DNA sequence: GCCACGCCTCGTC
DNA sequence: TTACGGACGAGGCGTGGC
């Protein structure tokens, strides 16, 4: 029996705890790009803001326009990740001691296995998660929404079905009916693009998704996603909880103050991105093997290029050199000019240094041998 | 024909 | 009318070795 715990409207709720006077007002937490005053997007908002149509990912200017005809005085705040992380750590520590297996997913959510604590009794499970919910609130002043189900998929959808500060328990015997009531986009992994592709197949409901020929789904979405979608429509999911989660990537993407117009302007930005991710890499005692460069142009079109090394590396020089080569690759392959580059990002992956893998020390020993 | 790998796109929060 | 971040994970697809 799995439970999914989601801290409600997390960033905005942290801001409400910091300043309780905000609770009555719409609170919109934003990522400001620094381009001009209101360039950027909404990260999270509280329910007062959501009721007026503010959603995550919405441009800040659009969010502000939602209040122009209203008497209500909204609060727009920049994200303060370090502050939110303290709440996340505190809440996760409380949850972790209440269960056997714990999987931390992102800053504001986690899965726990409560089979043993509840003796696999669904009536009992509600009392257990209610206890956790109260304990998190008493220690952090944060509310959370909790779903319980026979697997991660159902638990996650359940935690999202009623919010905030709610508990939704789905008994195994109710899973099929529960899934049939869901919207297709409530299935994790189904975003706007997959929704459109499903609609093109004539699938608009979870019921229709569950009934379509599995081979057709695999043909269109590939083996794994096809199987996943088919199972998900029927509430089937056998993915295990993954404790000891380690980051698999280290990335940094920035929006430039002004669109770049030539390669000379791109170079210092790239160097700075490389240094940033490199510092994190070294702090985590890791090394990289793959470097990915992402370019986003003024019209928001996106281009990627990546390179995987024969050997893992911990060299900043090599990273910077690859970044410059990847930038040149993208420009050449897509026949772009340096005009209109709005955002640039670097991501390191194929990281080593976790337990069971090469440590950076061992890597240095290996590299000197070569 | 299978598999591993490298590259890229799509998804979530 | 328009507006537009950042960090991360998963998996599809093409390719090349066997």
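Rounded to the nearest 0.05, what FRET efficiency do residue A:311 and residue A:262 give with R0 = 22 Å and r taken as the Cβ-Cβ distance? Could you check?
0.05
Expressed as a whole number of Å, what is the distance separating the alpha-carbon centroids of the range A:284-316 and the range A:322-353?
When both Cα centres are located, 7 Å separates them.
Given the Cα-Cα distance of residue A:97 and residue A:325 and 0.36 nm per residue of separation, how much length would full extension add, in nm?
Working: separation 228, 0.36 × 228 = 82.08 nm, distance 4.80 nm.
Gain in length upon complete extension: 77.3 nm.
At a Förster radius of 35 Å, what calculated FRET efficiency corresponds to the Cβ-Cβ distance of residue A:36 and residue A:81, to the nearest 0.05?
In this case the efficiency is close to 0.95.
Hey, what number do you get for chain A at 222 nm if only DSSP H runs of n ≥ 4 count, each worth -39500 (n - 2.57), divided across all residues, to the nearest 500?
Calculated from helices alone, the mean residue ellipticity at 222 nm is -13000 deg cm²/dmol.
Relative to the present Cα-Cα distance, how much length would full extension add between residue A:56 and residue A:130 at 0.36 nm per residue of separation?
Going from the current span to full extension adds 23.9 nm.
Expressed in nm to one decimal, what extension gain is obtained for the pair residue A:193 and residue A:105 from 0.36 nm per residue of sequence separation less their Cα-Cα distance?
29.4 nm
Over the alpha carbons of the range A:250-369, what is the largest minus smallest coordinate on each principal axis, giving the biggest first in Å?
44, 25, 22
Counting pairs of alpha carbon atoms under 8 Å apart in space and at least six apart in sequence, what relative contact order in percent does the range A:176-233 give? Kindly include the intermediate steps, with their values, before the conclusion.
Working: 44 pairs, mean separation 19.2, N = 58.
Relative contact order here is 33 percent.
Return the FRET efficiency for the residue pair residue A:283, residue A:163: r is the Cβ-Cβ distance, R0 is 35 Å, and the value is rounded to the nearest 0.05.
FRET efficiency, residue A:283 to residue A:163: 0.50.
Where Rh is the Kirkwood radius over the Cα pairs of chain A, the temperature 4 °C and the viscosity 1.567 mPa s, what D in µm²/s does Stokes-Einstein return?
The estimated diffusion coefficient comes to 55 µm²/s.
Post the alpha-carbon centroid distance, the range A:256-275 to the range A:3-54, in whole angstrom.
If you average the Cα positions of each part, the centres end up 30 Å apart.
Give me Rg/Rg_expected for the range A:11-81, where Rg uses Cα atoms only and Rg_expected = 2.2 N^0.38 Å with N residues.
1.00
For the range A:31-185, what is the Kirkwood hydrodynamic radius in Å, using each pair of distinct C-alpha atoms? Intermediate results must be reported in sequence, preceding the final value.
On the way: mean 1/r = 0.0565 Å⁻¹.
Kirkwood hydrodynamic radius for the range A:31-185: 17.7 Å.
Along Cα→Cβ, 7 Å out, is where each label goes; now give me the distance between the ones at residue A:19 and residue A:137 in nm to one decimal.
Result: 2.5 nm between the two label points.
We did not get these values from a lab; they are worked out from the coordinates using the rules stated. None of the values given here were measured: they were computed from a predicted structure. Counting neighbours? That spans all protein chains shown, and the Cβs are built from the backbone with ideal geometry, glycine included.
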